[in-house]
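Heads up, the thing below is written out as structure tokens.
The values are calculated or read from the model by the stated rules, or taken from the named source; none is laboratory data. Fair warning: this is a prediction, and the values are worked out from it, not measured in the lab. Cβ sites come from the backbone with ideal geometry, for glycine too, and all protein chains shown count toward neighbours.
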Amino acid sequence: MDIPSDWDSPQTTSQVLAGVRNGGTIEITDRGHPIARLVPVSDDRSMLAELVEAGRVVAPTGGGPVPLPPKLGDENVDVAASLAAMRNEERS
């Protein structure tokens, strides 16, 4: 969709948003150089469902934050034991 360079009227904004709402992509330029792109928002959950259905990904099973790894060089942490514990937790 072509938009005028003096994009300041509410009517133009409405037309641009309608175009994006209908699946269009708008590239915004500054003196001929692209600086941004308006694209329709996609439902990430539906994308995940499509990928799971196609067998391309496995849906997450756990909830909550991912635990941080031990600090590099911490002498009080047995890294091998921590890694083995994390793997056992994943597999159970």
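Points worth noting:
- Of everything in the stretch 20-67 that is over 25 Å from R91 (Cα atoms) and among the small types (G, A, S), the residue that is surrounded by the most Cβ atoms within 10 Å (Cβ to Cβ) is G24.
- Residue pairs whose Cβ atoms lie under 6 Å apart, separated by 6 or more positions or on different chains, with the first residue in the stretch 55-69 and at negative phi and the second modelled with pLDDT of 75 or more, are V57/L51; A59/V52.
- Looking at the chain, the helices (runs of 4 or more DSSP H) lying wholly inside it that each contain 1 or more residues that are of a type in the set (D, E) and at pLDDT 85 or above sit at 44-53, 79-91.
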